[in-house]
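Below: one structure, written as structure tokens.
The values are calculated or read from the model by the stated rules, or taken from the named source; none is laboratory data. None of these values were measured; they are calculated from a predicted model. Note that each Cβ is placed from the backbone with ideal geometry, even for glycine, and that neighbours are counted across all protein chains shown. To get the accessible areas, we keep the full protein, side chains included, count just its heavy atoms, and leave off ligands, DNA and RNA. Shrake-Rupley method; radii C 1.70, N 1.55, O 1.52, S 1.80 Å.
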Amino acid sequence: MALNKQQAERYVRHFTLKEIGVNGQKKLLSSKVLVIGAGGLGSPAILYLAAAGVGTIGIVDHDTVDSSNLQRQIMHGTEDVGSKKTESAAKAVRAIDPDIQVNLYDLFLTPDNIMDIISDYDFILDCTDRFETKFLINDACVIAEKPYSHAGVVRFEGQAMTYVPGKGPCLRCLMGDVPHDAATCKELGVLGAAVGVLGSIQALEAVKYLTGAGDLLCGKILTFDGLSMNMRVHSMPCADPGCAVCGKDASIRSLNKNNSDYRTDGCSIGGDDVS
């Protein structure tokens, strides 16, 4: 794969990074990343993936842009209010690089459709805002052996981790079952810049995975506190052998729409509950 003159000019700052270079840029251009959620986390993640030159970006979201989103969902503008988030996101990507292939999925994510959607992608970003959806994504990625980045934010605080098949714990290893009584951003509030930090970290994890640069947040969880400006990485190297989806005797080997951890009416993606 040869880079054209425009690409050589656009990505010259990547070429000088020995961890990426020309070969790494070629990997990015031939890669496919799926971003589930085009809201607070998805906005910076999608913009940075597009700027990095990821050749194909899939975007999943069923929501429309609301004026209350604009405080943190920086990919959307005032003129996008009332538009589908997927279409607004595609417009933002094409404004950065019209040569990027953008695949849009304007739908509810369910146990019936998620496996088909993720099947064609090299890396998944969980930029959603409800734990039910996050566990659905986790379980689907574990079963399909797909690497993915998880993040969540509330108030000024957030966390991120990366799952790579066979190389560390998944979300269920760390949290067990869905915390149905978790407080939401609608109740507690959320700072847009804090969401931007975590979404940018997710994009960075995707770029690192695709190019082989650096160390991933695999077997680790990063926590961020925007009020104190404390950022820590906690080591969690081992998967839980009793995990229901990735453990030795896993009970979840396929996605069942009757599983109480998933919403049977379709999982929300981009509202105000978690990110």
I need the full set of residues from the stretch 116-136 which are open to solvent by 10 Å² or more (accessible area, probe 1.4 Å), touching a residue at least 24 places away in the same chain (Cβ under 8 Å) and farther than 18 Å from LEU216 by Cβ, in order please. ILE117, SER119, ASP120, ARG130, PHE131, GLU132
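Here is a yes/no grid of residues against (1) within 21 Å of PRO237 (Cβ to Cβ); (2) over 11 Å from the mean Cα position of the chain (by Cα):
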position: TYR121; (1), (2): no, yes
position: LYS134; (1), (2): no, no
position: VAL142; (1), (2): yes, yes
position: TYR148; (1), (2): yes, no
position: PHE156; (1), (2): no, yes
position: GLN159; (1), (2): yes, yes
position: GLY168; (1), (2): yes, yes
position: LEU171; (1), (2): yes, yes
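Results for (1) surrounded by fewer than 21 Cβ atoms within 10 Å (Cβ to Cβ); (2) farther than 19 Å from THR128 by Cβ; (3) among the basic types (Lys, Arg); (4) touching an Asp or Glu at 6+ places or on another chain (Cβ under 7 Å), shown as yes or no for each residue.
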| position | (1), (2), (3), (4) |
| --- | --- |
| ALA160 | no, no, no, no |
| GLY176 | yes, no, no, no |
| LEU222 | yes, no, no, no |
| ASN230 | yes, yes, no, no |
| CYS238 | yes, yes, no, no |
| LYS248 | yes, yes, yes, no |
Out of the helices (runs of 4 or more DSSP H) lying entirely within the stretch 1-102, which hold 3 or more residues that are touching a helix residue (DSSP H, G or I) at 6+ places or on another chain (Cβ under 9 Å) and under 29 Å from MET115 (Cβ atoms)? 21-29, 42-52, 85-96
Hand me the list of helices (runs of 4 or more DSSP H) wholly inside the stretch 111-204 holding 2 or more residues that are charged (D, E, K, R). 131-144, 185-188
What do you reckon, is VAL54 open to solvent by less than 10 Å² (accessible area, probe 1.4 Å), free of Cβ contacts under 8 Å to residues at least 60 places away in the same chain and hydrophobic (A, V, I, L, M, F, W, C)? no
